[in-house]
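**Student:** Dumping the structure here so I can ask a few things about it.
The values are calculated or read from the model by the stated rules, or taken from the named source; none is laboratory data. Just so it is clear, the structure is predicted and the values come from calculations on it, not from any experiment. Note that we place each Cβ from the backbone using ideal geometry, even for glycine, and neighbour counts take in every protein chain shown. Heads up: the accessible areas ignore ligands, DNA and RNA and are worked out on the full protein's heavy atoms, side chains in. Shrake-Rupley method; radii C 1.70, N 1.55, O 1.52, S 1.80 Å.
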Amino acid sequence: MFQWRVPAVVTPVLREITHRRVLAIALPIVLSNATVPILGAVDTGVVGQLGEAAPIGAVGIGAIILTAIYWIFGFLRMGTAGLVAQARGGGEVAETGALLTRALMIAGAAGLTFIILQGPIFAGAFMLAPASDEVERLAQNYMAIRIWSSPAIISVYALTGWLVAMERTRGVLAIQLTMNGLNIVLDLWFVLGLGWGVEGVAIATLIAEWSGALLGIWLCRAAFTGGQWHQWARVFDPARLKRMAAVNTDIMIRSVLLQVAFVSFLFYASHLGDVTLAANQILLQFLHIIAYGMDGFAFAAEALVGSALGARNRVLLRRGALLTSVWGGIVALVMTLGFLFFGGTIIDFMTTAPEVREEAREFLGWLVIAPIAGVASWMLDGIFIGATRTRDMRNCMIISVIMYGVTVVLFVNWFGNAGLWAALMMFNFYRAVTLASRYPALERAAERIE
């Protein structure tokens, strides 16, 4: 009979899961996320000093196109986190290095592919999202520079996932502070000091992204000690490659479906009038705030649940899922109260148009309840990523998107914009219920060798 025992090298990983440990993982991620909107504001503000509308539009549309392209490989962050956490919990030190090597090889290949195919990629993007000749010309210049950092920024996904799995999220914060801080300084120098315009913004981002990737590799240097990273028989082991491919494919499908749901929300909003569309765009910023706040605790769930599952310790798995979810719930409650008391002030800060302010306030109540309505789905995502139960995530997302599609069609026809927001809240409910139904199987997996 199989008897579970703790390998000596795993003992530090299997120490007690405490509130302190959860916060040590989560808080650096929350701080890291807080730097993201600051960078976007500086990028826009710097080109805004040029006194023309075209540069602002060019940087905006160029950044959106590149972000959408790179986002395809966002699965490297989640897949790497779950797989490395489990390898760490199981005492497979060499496998943690091999996993990072595989992920970085994928990132490098993807980045080189984007560089080689940039012409048709950009042409296709502007066919889908046409702009004026001037904006398109400037955006092409911007993207032609930034595309050269595609191997770096995709690698950052993998490096971030590895650091999260190793519970070294201060490293994630260091990468983001370096990238965003350097980007801001170089923005100001290149655009306002040297007068390089849109190209200056692109060069600043190029340098910042490569700097972040190099810092990330240095922070992950433990993965390369002892030579385990180039144990090629392990790195290219067919069974391990097959598992990694299956995990990442499931996550990619799940993420595409999630994006489809949010794009459909914007599609329906665009048919409800310009004022309603503008109000909804402002209210969507509240969802970004929620995501920034919840990510840290979802990441903590990935690391703690993954390591517990790798060690086949059901008790620690349940405790990791419970404590991270408790903190996620606390943060959701704080955000709900914040939106309740300060939501109107945030709306007024974002727009001066009286009719948009009035419309946004009318539907603010949906955002007040959004953190509480969505906390279960966010936390279960983190739990299932850590456990690499990605097939369940994929299948549950398929069901949730179908149910959301039916709900949004009916609710918008019946209740207009209120129905649209209600459907989005129901989407989070569907995601939570479907994943929760698979949680018992996730726990059982901690007690057997698969």
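**Student:** From M127, M143, grab the single residue that is open to solvent by less than 10 Å² (accessible area, probe 1.4 Å), over 21 Å from the mean Cα position of the chain (by Cα) and modelled with pLDDT under 95. Can you show your working first?
**Tutor:** Numbers: M127 fails: open to solvent by less than 10 Å² (accessible area, probe 1.4 Å).
Sole residue among the options that is open to solvent by less than 10 Å² (accessible area, probe 1.4 Å), over 21 Å from the mean Cα position of the chain (by Cα) and modelled with pLDDT under 95: M143.
**Student:** Name the one entry in F384, F411 that is open to solvent by 10 Å² or more (accessible area, probe 1.4 Å) and touching a Gly at 6+ places or on another chain (Cβ under 9 Å). Before the answer, list the steps.
**Tutor:** On the way: F384 fails: open to solvent by 10 Å² or more (accessible area, probe 1.4 Å).
After applying the criteria, what remains is F411.
**Student:** What pairs come out if I take residues in region 293-315 that are free of Cβ contacts under 8 Å to residues at least 60 places away in the same chain and pair them with residues that are buried (at least 24 other Cβ atoms within 10 Å of the Cβ) whose C-beta lies under 9 Å away, six or more apart or interchain?
**Tutor:** Hits for this filter: V315/A308.
**Student:** Same structure again: For region 154-167, what are the residues that are open to solvent by 20 Å² or more (accessible area, probe 1.4 Å), of a type in the set (A, V, I, L, M, F, W, C) and part of a helix (DSSP H, G or I)? Explain how you work it out, then say what you get.
**Tutor:** Let us first name the residues in region 154-167 that are open to solvent by 20 Å² or more (accessible area, probe 1.4 Å), namely 157, 166-167.
Filter once more, keeping what is of a type in the set (A, V, I, L, M, F, W, C): 166.
Of everything in region 154-167, nothing turns out to be open to solvent by 20 Å² or more (accessible area, probe 1.4 Å), of a type in the set (A, V, I, L, M, F, W, C) and part of a helix (DSSP H, G or I).
**Student:** Still on this structure, please answer the following. What residue, among those in region 325-351 that are in contact with a Phe, Trp or Tyr (Cβ under 7 Å, 6 or more places away or on another chain) and open to solvent by less than 20 Å² (accessible area, probe 1.4 Å), is farthest from L304 (Cα to Cα)? Don't jump to the end; show me each part of the working.
**Tutor:** Step one: filter region 325-351 for residues in contact with a Phe, Trp or Tyr (Cβ under 7 Å, 6 or more places away or on another chain), giving 327-328, 331, 339.
Now narrow it down to the ones that are open to solvent by less than 20 Å² (accessible area, probe 1.4 Å): 328, 339.
Details: G328: 14, F339: 30 Å.
Selected residue: F339.
**Student:** Scanning for something surrounded by 14 or more Cβ atoms within 10 Å (Cβ to Cβ), without any contact (Cβ under 8 Å) to a residue 40 or more places away in the chain and among the hydrophobic types (A, V, I, L, M, F, W, C), does region 276-289 turn up at least one residue?
**Tutor:** For region 276-289, residues surrounded by 14 or more Cβ atoms within 10 Å (Cβ to Cβ), without any contact (Cβ under 8 Å) to a residue 40 or more places away in the chain and among the hydrophobic types (A, V, I, L, M, F, W, C): present.
**Student:** A follow-up question, please. Please find, among L31, L50, L76, the residue that is more than 25 Å from S255 (Cα to Cα), of a type outside the set (F, W, Y) and either open to solvent by 20 Å² or more (accessible area, probe 1.4 Å) or modelled with pLDDT of 75 or more (or both). Walk me through it before giving the result.
**Tutor:** On the way: L31 fails: more than 25 Å from S255 (Cα to Cα); L76 fails: more than 25 Å from S255 (Cα to Cα).
The match here is L50.
**Student:** Got a number for residues in region 274-298 being modelled with pLDDT of 80 or more and either under 30 Å from G386 (Cα atoms) or assigned to a loop (DSSP other than H, G, I, E, B) (or both)?
**Tutor:** Residues in region 274-298 being modelled with pLDDT of 80 or more and either under 30 Å from G386 (Cα atoms) or assigned to a loop (DSSP other than H, G, I, E, B) (or both): 14 in total.
**Student:** Got a number for residues in region 84-98 being of a type in the set (A, V, I, L, M) and either open to solvent by 10 Å² or more (accessible area, probe 1.4 Å) or in contact with a strand residue (DSSP E or B) (Cβ under 8 Å, 6 or more places away or on another chain) (or both)? Walk me through how you get there before you give the answer.
**Tutor:** First pass over region 84-98, keeping only residues of a type in the set (A, V, I, L, M): 84-85, 87, 93-94, 98.
So of that shortlist, the ones also either open to solvent by 10 Å² or more (accessible area, probe 1.4 Å) or in contact with a strand residue (DSSP E or B) (Cβ under 8 Å, 6 or more places away or on another chain) (or both) come out as 93-94.
Here the count works out to 2.
**Student:** Any residue in region 194-205 that is touching a Leu at 6+ places or on another chain (Cβ under 6 Å), open to solvent by less than 50 Å² (accessible area, probe 1.4 Å) and assigned to a helix (DSSP H, G or I)?
**Tutor:** Pass one, region 194-205, residues touching a Leu at 6+ places or on another chain (Cβ under 6 Å): 198, 204.
Filter once more, keeping what is open to solvent by less than 50 Å² (accessible area, probe 1.4 Å): 198, 204.
Filter again for assigned to a helix (DSSP H, G or I), leaving 198, 204.
Checked region 194-205: at least one residue is touching a Leu at 6+ places or on another chain (Cβ under 6 Å), open to solvent by less than 50 Å² (accessible area, probe 1.4 Å) and assigned to a helix (DSSP H, G or I).
**Student:** Do the conditions hold for L112, that is, is it assigned to a helix (DSSP H, G or I) and open to solvent by 10 Å² or more (accessible area, probe 1.4 Å)?
**Tutor:** On the way: assigned to a helix (DSSP H, G or I): yes; open to solvent by 10 Å² or more (accessible area, probe 1.4 Å): yes.
Against the criterion (assigned to a helix (DSSP H, G or I) and open to solvent by 10 Å² or more (accessible area, probe 1.4 Å)), L112 qualifies.
**Student:** Evaluate the following for I372: is it modelled with pLDDT under 90 and surrounded by fewer than 24 Cβ atoms within 10 Å (Cβ to Cβ)? Break it down into steps so the answer makes sense when it comes.
**Tutor:** Details: modelled with pLDDT under 90: no; surrounded by fewer than 24 Cβ atoms within 10 Å (Cβ to Cβ): yes.
Criteria not met by I372.
**Student:** Another question, then. Check G386, G365 and return the single one that is at pLDDT below 95, touching an Asp or Glu at 6+ places or on another chain (Cβ under 6 Å) and either on the phi < 0 side of the Ramachandran plot or small (G, A, S) (or both). Please lay out each step first, then the result.
**Tutor:** Working: G365 fails: touching an Asp or Glu at 6+ places or on another chain (Cβ under 6 Å).
Only one candidate passes the filter, namely G386.
**Student:** Right, something else. Between residues in region 183-201 that are touching a residue at least 40 places away in the same chain (Cβ under 8 Å) and over 20 Å from A144 (Cα atoms) and residues that are open to solvent by less than 10 Å² (accessible area, probe 1.4 Å) and not in a helix (DSSP H, G or I), which pairs lie under 7 Å by C-beta distance while being six or more apart or on different chains?
**Tutor:** none
**Student:** Of all residues in region 232-260, which are surrounded by fewer than 18 Cβ atoms within 10 Å (Cβ to Cβ) and of a type in the set (S, T, Y)?
**Tutor:** T249
**Student:** Tell me the residue from A278, A308, A298, A291 that is closer than 29 Å to V406 by Cβ and more than 22 Å from the chain's Cα centre (by Cα), please. Reasoning before the result, please.
**Tutor:** Details: A308 fails: closer than 29 Å to V406 by Cβ; A298 fails: more than 22 Å from the chain's Cα centre (by Cα); A291 fails: more than 22 Å from the chain's Cα centre (by Cα).
That would be A278, the only listed residue that is closer than 29 Å to V406 by Cβ and more than 22 Å from the chain's Cα centre (by Cα).
**Student:** Could you tell me how many of the residues in region 101-154 are among the hydroxyl-bearing types (S, T, Y) and out of contact with any Gly (no Cβ under 7 Å at 6 or more places or on another chain)?
**Tutor:** Residues of region 101-154 that are among the hydroxyl-bearing types (S, T, Y), as a first pass: 101, 113, 132, 142, 149-150.
Imposing the further condition that a residue be out of contact with any Gly (no Cβ under 7 Å at 6 or more places or on another chain) reduces the set to 101, 113, 132, 149.
The qualifying residues number 4.
**Student:** Let me ask something additional. With the checklist (1) at pLDDT 95 or above; (2) more than 26 Å from I121 (Cβ to Cβ); (3) of a type in the set (S, T, N, Q) in hand, flag the one item T178 doesn't pass.
**Tutor:** T178 satisfies all of (1) at pLDDT 95 or above; (2) more than 26 Å from I121 (Cβ to Cβ); (3) of a type in the set (S, T, N, Q) except (1).
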